[in-house]
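Below is one structure, written out as structure tokens; the observations come after it.
What follows draws every value from the coordinates through simple rules; no lab data is involved. As the structure is a computational prediction, the values presented were derived from the model and not from experiment. Don't worry about glycine lacking a Cβ; one is built from the backbone with ideal geometry, like all the others, and counts go over all protein chains shown.
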Amino acid sequence: MSRFRFALGLPAVAAFVALAHIGRAQAPAASATTPPASSRAATPVFTADDALEINTATIADVSDDGRWLAFTQSVRRDAYGNDYRHDADPTYVHPTPVRLWSVDSRTGQRQAVFPDKRAVRGMRWSPDGSQLAMLSWNGDVFEPAVWTRATGKLTPLKVPAAGRKEQGSTANPAQPATEPGGGGSR
């Protein structure tokens, strides 16, 4: 009879520590349509409001040494306003706001990357775990940004405009070259 062993690596332990403390995260602010939890009557029936308030935590990245964990926290209600009719369109994105956390796997201490929920994705720790790169929604597109753990400062990165001419170039890369008289390129 063989025996199976279950070994937890450092990233798995970090994830467990982070997710174990998720219940202590800030609760979503009550709105005009959502009564505070204390005013809702306890009921044995699972309601639509209950479904919309389920916390979801997703591990975004773990640093190379396993010390730093980035994870997102959201509730289904955060996705209000997304247009799901465009799911077949690969250019359409759902900019759903999430709370982004940085967790020290050695102590379980966590730090909110932003004071509020924001639409972010593609988080990656630097090799030394001092910075977290991400794509942050600016209202029109996702743009790259870097968060520095020690200072808590977010630095947006500048991306060249599409079709920008390279230094010394006179051709517009967005248009094919044409011959005089309107002929196309060969």
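Could you tell me whether region 52-109 comes out rounded, prolate or oblate from its Cα gyration tensor? Rule is a ≥ b ≥ c as square roots of the eigenvalues, rounded for a/c under 1.5, then prolate if a/b exceeds b/c, otherwise oblate.
oblate
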Using each residue's phi in region 150-156, evaluate 6.51 cos²θ - 1.76 cosθ + 1.60 at θ = phi - 60° and report the 3J(HN,Hα) Karplus result to the nearest Hz, with x for Gly and Pro. 5, 9, x, 8, 9, 10, x
Using θ = phi - 60° and Karplus 6.51 cos²θ - 1.76 cosθ + 1.60, couplings along region 117-132 (whole Hz; Gly, Pro as x): 7, 9, 7, 9, 7, x, 5, 9, 6, 5, x, 8, x, 8, 9, 10
What is the sum of charges around Leu52, taking Lys and Arg as +1, Asp and Glu as -1, for the other residues whose C-beta is under 11 Å from the C-beta of Leu52? -2
Using the alpha carbons of region 64-151, what is the convex hull volume per residue in cubic angstrom, as a whole number? 118 Å³
Gln131 versus Tyr80: modelled label distance in nm, points set 7 Å from Cα along the beta carbon direction: 3.7 nm
Between Lys153 and Asn55, 0.36 nm times their residue separation minus their Cα-Cα distance comes to what? 32.6 nm
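So how much slack lies between Phe142 and Arg124, counting 0.36 nm per residue of separation and subtracting their Cα-Cα distance, in nm? The partial results should precede the final answer.
Values: separation 18, 0.36 × 18 = 6.48 nm, distance 1.50 nm.
Computed gain between Phe142 and Arg124 is 5.0 nm.
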Calculate, for Asp64 and Phe114, the FRET efficiency according to 1/(1 + (r/R0)^6) with r their C-beta to C-beta distance and R0 22 Å; round to the nearest 0.05. 0.40
